[in-house]
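Q: Quick one: this structure, given as structure tokens, is what I'll be asking you about.
The values are calculated or read from the model by the stated rules, or taken from the named source; none is laboratory data. Bear in mind that the values here come from a model prediction, so they are computed numbers and not experimental data. Because the Cβ atoms are built from the backbone with ideal geometry, glycine has one as well, and the counts that use them run over all protein chains shown.
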Amino acid sequence: MDFKTALTELYLRDPAGTLPNALWKTLAMLDGMETSIDVRGGEVVHLEARKGRGLYVYWDLNGVPPDIDGLDFALLHAGLARTLDLEEFYVERYFRLVHRGAALEEPFLSAGFSFGDVDVPAEASKVADFINLCYEDINVSSSEVRSWTLSPAFDRSLWLWILEGDEPVALGIADLDRSIGEGSLEWIQVHPSYRGMGLGKAVVFELLRRLQSLAVFTTVSGELDNRTNPEALYRRCGFEGNDVWLVLRRRE
């Protein structure tokens with residue numbers, strides 16, 4: 001069994017427990033990485049992928065943690081880090097949730113608001129400006145937004161605005177990996193002046209509605225310690241799970 005096949009099989013069994021992001025993203029960056037796989041009796045018991053001093057994939061059937069000595073960077077499930085000494089690392093925590101197509105609420109918008117499709121890539125600059133408006137610590141460029149439309153999981157029907165008149169007040173972007181039927185929510189933003197009005201929930205439900213006939217399951221991840229608590233929004237929309245992933249960066 002080759003590495004990509006083994007990783008895909010594990011991911012389909014347990015998406016949130018196998019990787020911190022959509023499968024296609026990891027598969028796309030495996031070229032040039034040093035991969036190892038251990039299969040016993042036809043069952044995968046260990047997988048890992050490294051590049052330089054970074055660990056990008058690590059899965060172990062028996063929960064054996066990796067040796068992080070000598071690593072500068074690692075993506076690691078929190079369950080595998082319980083016995084590790086992380087004092088020498090900056091640690092960022094991310095939740096990872098899955099939606100299995102449970103009954104969906106009809107997206108609700110108050111009078112004066114409407115859904116509109118993002119004209120991609122023509123509105124790349126508009127999308128970048130909106131994302132930057134919604135974050136204090138993220139800055140994306142129009143060229144970066146255009147690059148998202150070149151990914152194998154791009155689907156223009158999964159880029160949407162909520163508009164008040166002609167002005168965008170919320171944005172939703174999702175990907176679709178048709179090879180395994182995975183939808184993934186990538187960007188859910190609400191204008192700072194319009195938060196607390198249910199627009200984020202409406203964006204999520206509208207994306208799930210559009211994905212309903214296309215995806216077998218949908219994933220989402222986000223900062224666990226974010227003061228806006230995005231995890232609560234996704235749970236209200238039917239996402240489930242208790243997986244937490246760590247991004248480890250060695251302190252200088």
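Q: I'm told GLU186 meets every condition in (1) within 30 Å of LEU10 (Cβ to Cβ); (2) not in a strand (DSSP E or B) except one. Can you identify the failing condition by its number?
A: Status for GLU186: all satisfied but (2).
Q: From ASP225, ASP243, which residue is more than 20 Å from TYR11 (Cα to Cα) and of a type in the set (Asp, Glu)?
A: ASP225
Q: Quick one: how many residues across the stretch 129-148 are over 29 Å from PRO15 (Cα atoms) and surrounded by 12 or more Cβ atoms within 10 Å (Cβ to Cβ)?
A: Looking only at that region, the number is 6.
For (1) closer than 29 Å to TYR234 by Cα; (2) of a type in the set (A, V, I, L, M); (3) in contact with a Ser or Thr (Cβ under 9 Å, 6 or more places away or on another chain); (4) outside the structural domain of ARG40 (by TED's automatic domain parsing), each residue gets a yes or a no:
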residue	(1), (2), (3), (4)
GLY52	no, no, no, no
LEU61	yes, yes, no, no
VAL64	no, yes, no, no
LEU71	no, yes, no, no
LEU76	yes, yes, no, no
GLY79	yes, no, no, no
THR83	no, no, no, no
GLU87	no, no, no, no
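Q: In the stretch 43-64, is there at least one residue being in contact with a Gly (Cβ under 9 Å, 6 or more places away or on another chain), closer than 18 Å to VAL91 by Cβ, hydrophobic (A, V, I, L, M, F, W, C) and touching a residue at least 24 places away in the same chain (Cβ under 8 Å)?
A: no
Q: Which of the residues spanning the stretch 149-201 are among the charged types (D, E, K, R) and either surrounded by fewer than 18 Cβ atoms within 10 Å (Cβ to Cβ) or on the phi > 0 side of the Ramachandran plot (or both)?
A: ARG156, GLU164, ASP166, GLU167, ARG178, ARG195
Q: Turning to a different aspect of this structure: For the stretch 98-109, indicate whether the set of residues that are closer than 26 Å to GLY52 by Cβ and either among the aliphatic types (A, V, I, L, M) or within 23 Å of the chain's Cα centre (by Cα) (or both) is non-empty.
A: No, the stretch 98-109 contains no residue that is closer than 26 Å to GLY52 by Cβ and either among the aliphatic types (A, V, I, L, M) or within 23 Å of the chain's Cα centre (by Cα) (or both).
Q: What are the pairs with Cβ atoms under 9 angstrom where one residue, in the stretch 225-252, is in contact (Cβ under 8 Å) with a residue 60 or more places away in the chain and the other, located anywhere, is part of a loop (DSSP other than H, G, I, E, B) and of a type in the set (Phe, Trp, Tyr)? Sequence gap at least six, or different chains.
A: Qualifying pairs under 9 Å: GLU231/PHE239.
Q: Moving to a separate point now. Just one of ARG209, ARG249, ARG235 is part of a strand (DSSP E or B) and surrounded by fewer than 18 Cβ atoms within 10 Å (Cβ to Cβ); which is it?
A: Sole residue among the options that is part of a strand (DSSP E or B) and surrounded by fewer than 18 Cβ atoms within 10 Å (Cβ to Cβ): ARG249.
Q: Would the stretch 135-150 turn up any residue that is in a helix (DSSP H, G or I) and closer than 25 Å to GLY198 by Cβ?
A: No, the stretch 135-150 contains no residue that is in a helix (DSSP H, G or I) and closer than 25 Å to GLY198 by Cβ.
Q: Which is small (Gly, Ala, Ser) and loosely packed, with under 12 Cβ neighbours inside 10 Å, of GLY79, GLY41?
A: Step by step, each of GLY79, GLY41 is checked, and only GLY41 is small (Gly, Ala, Ser) and loosely packed, with under 12 Cβ neighbours inside 10 Å.
Q: LEU176 fails exactly one of the following numbered conditions: (1) more than 30 Å from PRO66 (Cβ to Cβ); (2) outside any strand (DSSP E or B). What is the number of that condition?
A: It fails just one condition, (2).
This table checks each residue for (1) touching a strand residue (DSSP E or B) at 6+ places or on another chain (Cβ under 7 Å); (2) more than 21 Å from ASP175 (Cβ to Cβ).
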| position | (1), (2) |
| --- | --- |
| LEU86 | yes, yes |
| TYR94 | yes, no |
| ARG100 | yes, no |
| PHE113 | yes, yes |
| ILE138 | no, no |
